[in-house]
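Beneath this line is the structure, given in structure tokens, with notes to follow.
The values are calculated or read from the model by the stated rules, or taken from the named source; none is laboratory data. Every value quoted in this text rests on a predicted model; they were computed, and no experiment measured them. All Cβ positions, even for glycine, are placed from backbone atoms using ideal geometry, and neighbour counts span all protein chains on display. Just the protein is used for accessible areas: all its heavy atoms, side chains included, with ligands, DNA and RNA removed. Shrake-Rupley method; radii C 1.70, N 1.55, O 1.52, S 1.80 Å.
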Amino acid sequence: MRHRTGRVAKRLVFIPVAVFIVITLAFGLVNVLPGDPALLIAGDLASDERLAEIRAELGTDKPIPQRYGEYVHQLFVERSLGDSYFTKRSITDEIIQRFPDTLELVVLGLLGAVLYGTLLGVLSSYFRRRWPDRVSRLSVTITQSIPDFFLGLLLIYLVFYKLGWAPAPVGRLGLLDLPPERVTGAVILDTIIARDWGLLRTAAHHAMLPVITLALFYSSHFAKTSRAVLARAFTSEQVEFARACGLSEMKVVGYAFREARTPVLTYVGILFAALFGGAAIVETVFAWGGIGPWAIEAMTKLDVPAIQGFILVVGLLTLLVYLVLDLVVVALDPRVSYE
Amino acid sequence: MAPLLEVNDLHVEFKSRRRTVYAVNGVNFSIGEGETVGMVGETGCGKSATIRAIIGLLRPPGRIASGSIRLDGEDLTGLDARRLRRIRGAGIGFVPQNPFGALNPVLRIERQFRNVVRAHRRAGRGRIREDALEMLNGVGIADPERILGGYAHELSGGMAQRVVIALAMVLDPPLVVADEPTTGLDLTIQRQILDLIGKMATTRGSSMLLVTHDIGVVAQYCSRLLVMYAGRVVEAGPTNIVLRKPAHPYTEALLSAVPRRGRRLIAAAGAVPTLLSRPVGCYYYDRCRYRGDSRCATETPDLKEVSPGHWAAVFYRKPTMSAQEQAPEKATTQAQAQEDRDGDDAPGTD
């Protein structure tokens, strides 16, 4: 037990260093980008005086070390991410407004991907080279070879247009629905908090297709990893001994599955972070209105504070997710602490 | 009295699309109640396939092609998966080669005991814990309480194998099958574990099938011996008789390949056939020192009794004079050397 707490402590000491690195990266990545935001704001025809004026206003005329200092000062002293170059709105507000939507989509989508993917992996490895394995591999091949936006459009065409099972892809709720009272900003969660079950139904209904799109698209990762790990596990001595002791097949699958937990969890962490940008296309297709499309727009317009804010938030979130994952892995696997 | 385990004309095949491996080709043997039987042979001789067929865990594409395996009169080859599962663990205990591989790495030992017991009967936690503690005591673990609360990786090799033996025997199976139970262990521990297995089988009155490639182990622990070659039992009989007077040239070759002080080590020439097809004639024909006429090349010898209780699958016994003189003498020295090495607890042979 002592070993474990030691490991956790080491992990926690690393956090401030990692946060500092993320902050520096968020600043560095944006400021070494070629292109001049002032030029984008003023347009190609602007005079040099006008450009200089805008640069002074944005602060981009100062040397980089000074700007870095000001950035850090702004973060820690003013506790602000700055304002958008274009809308002049606070980046913190923009992110707070959009972030919960994306979080909800990513969490639900990943949950679906993990459930569906590992189910495929379990079936595939348990019935190796028999029909469930073939079906599952076909599903993997299809979902990983179709681009996610196309998968989304395909689902819209089939499930909304042809079958009429899903509502129109117009966002979180129907056009005439009033959103629930904003508590967390996550619509589904807010409807639950407001105990508005009718609205929850609507929200869930609208979330169905985008969640399924993400779940299907990312399920292949989980299916492939869990299949590979489980195929080995099912022929392992551990599983053989479990069978030789007369354990039921359900228990045997459980024994084998424990081997696959760590790789699956690792994938959850990696994809979770990647999806904050990666879900942008799906968010656009379904008019979801999350943080992804907003970040992409900021990139194309070189809205430096917005890009920095996005990188910072996603970076910190990634750190947090990895930390939690590490703790979960340590909690689940008694061997980890000794390695 | 009917034997506890009776294997009759067992055939096991590994059939894939391109080829079929005939791993076990008509194995016959039986194990009586309370008897400890050793099974020896080179790698690839069908030992593993035979015991895996017995515990019903042949790895695909392996399957029992024909024959019967009777435990207490019940044929296991015809059983459905449910019934077979109940036999495993409760009817037949299995002690595998590598104890670390066999234990679940992420479950506490107590939980593993619970899973095994509850796979067969309803039992409360406290009851199972008591049984587990008693078993662990029985396998010579000094602080069973601590072991129950711990994990597999905290155990040494010998300890892990003790825990595995306790798990395999917690349901008091009438038959224990041990598949080279000491291969993965230090030499110093091997002896302790074998002694333990022997003791456990005796005190609990179980029968045992001990699979090994170490003839020394068989000499010390088994009352009867089966020698396997190319998926067949080529010789079977009381250990002391088989070791003193091997009737099959393969047994002789195995005995010559055991290192002994003051004697040249003779490696058995040739290799086990690949068994991609069933050989024509005697399976040992290619490597046989004594092979004779066309009969050896065209007919497969069945086991026949060469002396009371001693069976061998041969047509001819040591046809040349020199061989007749040499072989038994050599075997005797080996058996004696064996006893010398094994010390006091070797079974009395005189």
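Counting only protein heavy atoms and a 1.4 Å probe, chain A has 52 square angstrom of accessible area per residue.
Please report the antiparallel percentage of DSSP beta bridges with both residues in the protein assembly as shown, rounded to the nearest 5. Restricted to the protein assembly as shown, the bridges split so that about 65 percent are antiparallel. The phi-based Karplus calculation (6.51 cos²θ - 1.76 cosθ + 1.60; θ = phi - 60°) puts the 3J(HN,Hα) values of segment B:248-256 at 10, x, 5, 4, 4, 4, 4, 5, 6 Hz, whole numbers, x for Gly and Pro. If you run the Gaussian network model on chain A, springs between alpha carbon atoms under 10 Å, then out of A:191, A:318, A:300 the most flexible one is A:300. Comparing B:181, B:249, B:144 in a Gaussian network model of chain B where C-alpha atoms under 10 Å apart are linked, the largest mean-square fluctuation is found at B:144. Within the listed set A:110, A:216, A:12, the residue fluctuating most in the Gaussian network model of chain A (springs between alpha-carbon atoms under 10 angstrom) is A:12. When B:11, B:248, B:153, B:213 are compared by accessible area of protein heavy atoms, the largest-first order is B:213, B:153, B:11, B:248, using a 1.4 Å probe. Dividing the mean sequence gap of close Cα pairs (under 8 Å, 6+ apart) by how many residues chain A holds gives a relative contact order of 27 percent.
Rounded to the nearest 20 debye, the dipole size of chain B about its Cα centre is 1300 debye, using +1 on the Cβ of Lys and Arg and -1 on the Cβ of Asp and Glu. A straight chain from residue A:320 to residue A:336 at 0.36 nm per residue would run longer than the Cα-Cα distance by 3.8 nm.
Which shape class, rounded, prolate or oblate, goes with the protein assembly as shown when its Cα gyration tensor gives a ≥ b ≥ c as root eigenvalues, a/c under 1.5 marks rounded, and past that a/b bigger than b/c marks prolate? Prolate, since a/c reaches 1.5 and a/b exceeds b/c.
Restricting attention to chain B, close to 60% of DSSP beta bridges with both partner residues there are antiparallel.
Helices assigned as whole DSSP H runs in chain A whose Cα atoms extend at least 27 Å along their own long axis and whose mean Kyte-Doolittle hydropathy is 1.0 or higher are found at A:2-31, A:91-126, A:304-332. A simple spin-label model places the labels of residue B:298 and residue A:119 6.4 nm from each other, with each point 7 Å out along Cα-to-Cβ. Measuring heavy-atom accessible area with a 1.4 angstrom probe and counting protein chains only, the residues of segment B:148-196 that give up at least 40 Å² relative to the chain alone are B:153.
Select from B:213, A:108, A:247 the residue farthest towards the positive end of the dipole of the protein assembly as shown; place +1 on Cβ of Lys and Arg, -1 on Cβ of Asp and Glu, and compute about the Cα centre. Checked the options; the winner is B:213. Maximal additional length on extending the residue A:11-residue A:80 stretch stands at 22.1 nm, based on 0.36 nm per residue less the C-alpha distance.
For the chain pair B and A, the buried solvent-accessible surface (1.4 Å probe, both sides summed) amounts to about 2200 Å². Relative contact order of chain B: 20 percent, from C-alpha pairs under 8 Å at least 6 residues apart in sequence. The accessible area of residue A:149, taken with all protein chains in place and a 1.4 Å probe, comes to roughly 90 Å².
With the highest mean first, a sort of the peptides A:16-25, B:66-75 on other beta-carbon atoms found within 10 angstrom per residue produces B:66-75, A:16-25. Would you tell me the accessible area of residue A:251, worked out with a 1.4 angstrom probe on the heavy atoms of the protein chains, in Å² to the nearest 10? Surface open to solvent at residue A:251 totals about 80 Å². Per the 1.4 Å probe, what fraction of the accessible area of segment A:101-290, in percent, lies on carbon and sulfur atoms? Ligands and nucleic acids excluded, carbon and sulfur give 69 percent. Under 5 Å between amide hydrogens, built in the peptide plane, is the criterion, and for residue B:228 it picks out B:40, B:41, B:234 among residues at least 5 positions away or on other chains. Threshold 10 Å², probe 1.4 Å: give the residues of segment A:295-339, in number order, that are less accessible with all protein chains present than with their chain alone. SASA drop of 10 Å² or more in segment A:295-339: A:334, A:335, A:338.
Using the Cβ-Cβ distance between residue A:183 and residue B:86 with R0 set to 41 Å, the FRET efficiency works out to roughly 0.15.
If you take the Cα centroid of segment A:167-213 and the Cα centroid of segment A:300-320, the two points sit 26 Å apart. Each part gets one Cα centre, and for segment B:66-125 versus segment B:1-38 those centres are 19 Å apart. All distinct Cα pairs of segment A:104-187 go into the 1/r average, and the inverse of that average, the Kirkwood radius, is 15.6 Å.
With protein chains left intact and a 1.4 Å probe, residues in segment B:90-247 average 34 Å² of accessible area per residue.
If you wrap segment B:73-165's Cα atoms in a convex hull and average its projection over all directions, what's the area in nm²? That works out to 6.9 nm². Rolled with a 1.4 Å probe across the full set of protein chains, the surface gives residue B:133 an accessible area near 30 Å². Can you list the residues of segment A:111-145 with backbone N under 19 Å from a point 7 Å past the Cα of residue B:15, pointing along Cα to Cβ? A:128-131, by backbone N distance to the label point.
Spherically averaged projected area of the convex hull of Cα atoms, chain B: 19.0 nm².
Taking all Cα pairs closer than 8 Å and separated by 6 or more residues, the relative contact order of segment A:138-257 comes to 28 percent. Comparing each chain alone with all protein chains together (probe 1.4 Å, DNA, RNA and ligands left out), the residues of segment A:244-266 losing at least 30 Å² of accessible area are A:244, A:245, A:246, A:247, A:251, A:255, A:258. Averaged over the residues of B:89-101, the number of partner chain Cβ atoms lying within 10 Å of the residue Cβ comes to 3. Rolling a 1.4 Å probe over the protein heavy atoms of chain B, with every protein chain left in place, gives an accessible area that is 49 percent carbon and sulfur.
From its DSSP helices (H runs of at least four residues, each -39,500 (n - 2.57)), the protein assembly as shown gives a residue-normalised ellipticity at 222 nm of -17500 deg cm²/dmol.
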